[in-house]
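The values are calculated or read from the model by the stated rules, or taken from the named source; none is laboratory data. Worth saying up front: this structure is predicted, and the values here are computed from it rather than measured. No Cβ is skipped: glycine too gets one built from the backbone with ideal geometry, and neighbour counts run over all protein chains shown. The protein model used for the area step is the full one, side chains on, heavy atoms only, and it has no ligands, DNA or RNA in it. Shrake-Rupley method; radii C 1.70, N 1.55, O 1.52, S 1.80 Å.
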Amino acid sequence: MRLLVTRPEPESARTAAALRQRGHAVIEAPMLRIAPVPDVVLGPGPWAAVALTSINALAAVTANHWAEALAGLPAFAVGDRIFHQKFGYGRIRVVDGNKLTIQFDKAGEKKVVDSFVKKA
């Protein structure tokens with residue numbers, strides 16, 4: 001199968017390599033360039049957690065001067081396995097600010113606030 005990969009670098013190269021290993025013909029055409037924004041003002045804390053929406057968000061957090069202030073906080077990302085007191089175990093599907101869409105093992109898909117879950 002012929003596939004077009006439009007992810008930014010370096011994710012484009014990693015994705016393309018994995019697809020080629022599976023026998024696909026891959027064209028790489030990164031359409032975005034990701035760069036951290038220096039001197040972002042977060043506003044006053046305290047914060048309950050950090051929601052990471054992509055691997056690029058993690059790089060941006062660690063590259064900024066406020067990374068140390070966030071270092072001790074729980075971090076939630078798409079794919080993380082979590083536990084909720086009422087709904088049980090699940091996996092994060094979407095992060096939207098402090099709102100998480102989670103596919104729970106037994107309760108189905110629910111939207112919850114990050115402060116109500118713990119990493120499993």
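Can you tell me the accessible area per residue over the chain, all protein chains present, probe 1.4 angstrom, in square angstrom?
Accessible area per residue: 69 Å².
With n ≥ 4 as the cut-off for DSSP H runs, can you work out [θ] at 222 nm for the chain, using -39500 (n - 2.57) per run divided by the number of residues, rounded to the nearest 500?
Using -39500 (n - 2.57) per qualifying helix, the result is -5500 deg cm²/dmol.
What whole-number distance in Å separates the alpha-carbon centres of segment 1-43 and segment 44-91?
Measuring centre to centre over Cα atoms gives 22 Å.
Using amide H atoms built in the peptide plane, which far-off residues or other-chain residues are under 5 Å from residue 26 H to H?
3
Put a dot 7 Å past each Cα toward the Cβ at residue 85 and residue 20; how far apart are the dots in nm?
So the label points at residue 20 and residue 85 sit 5.1 nm apart.
Across segment 96-105, in residue order, what do the Karplus-derived ³J(HN,Hα) couplings come to in whole Hz, using 6.51 cos²θ - 1.76 cosθ + 1.60 with θ = phi - 60° and x for Gly and Pro?
Values, residue by residue: 9, x, 9, 9, 10, 9, 10, 8, 7, 4 Hz.
Which one is right for this structure if Rg and Dmax of the Cα atoms in Å is calculated from it: [x] 20.0, 63; [y] 17.4, 50; [z] 16.7, 58?
[y]
I'd like the orientation of helix 11-21 relative to the chain: the angle between its Cα long axis and the longest Cα principal axis, in ° from 0 to 90, rounded to 10.
Result, in degrees: 60.
Pop out the carbon and sulfur fraction of the accessible area of segment 55-120 as a percent, whole number, probe 1.4 Å.
Here carbon and sulfur together make up 54 percent of the probe-accessible area.
Rounded to the nearest 0.05, what FRET efficiency do residue 63 and residue 1 have when you use their Cβ-Cβ distance and R0 = 30 Å?
Calculated value: 0.25.
Residue 32 versus residue 77, label points 7 Å from Cα toward the beta carbon: distance in nm?
Placing both labels 7 Å beyond Cα along the Cβ direction yields 1.5 nm.
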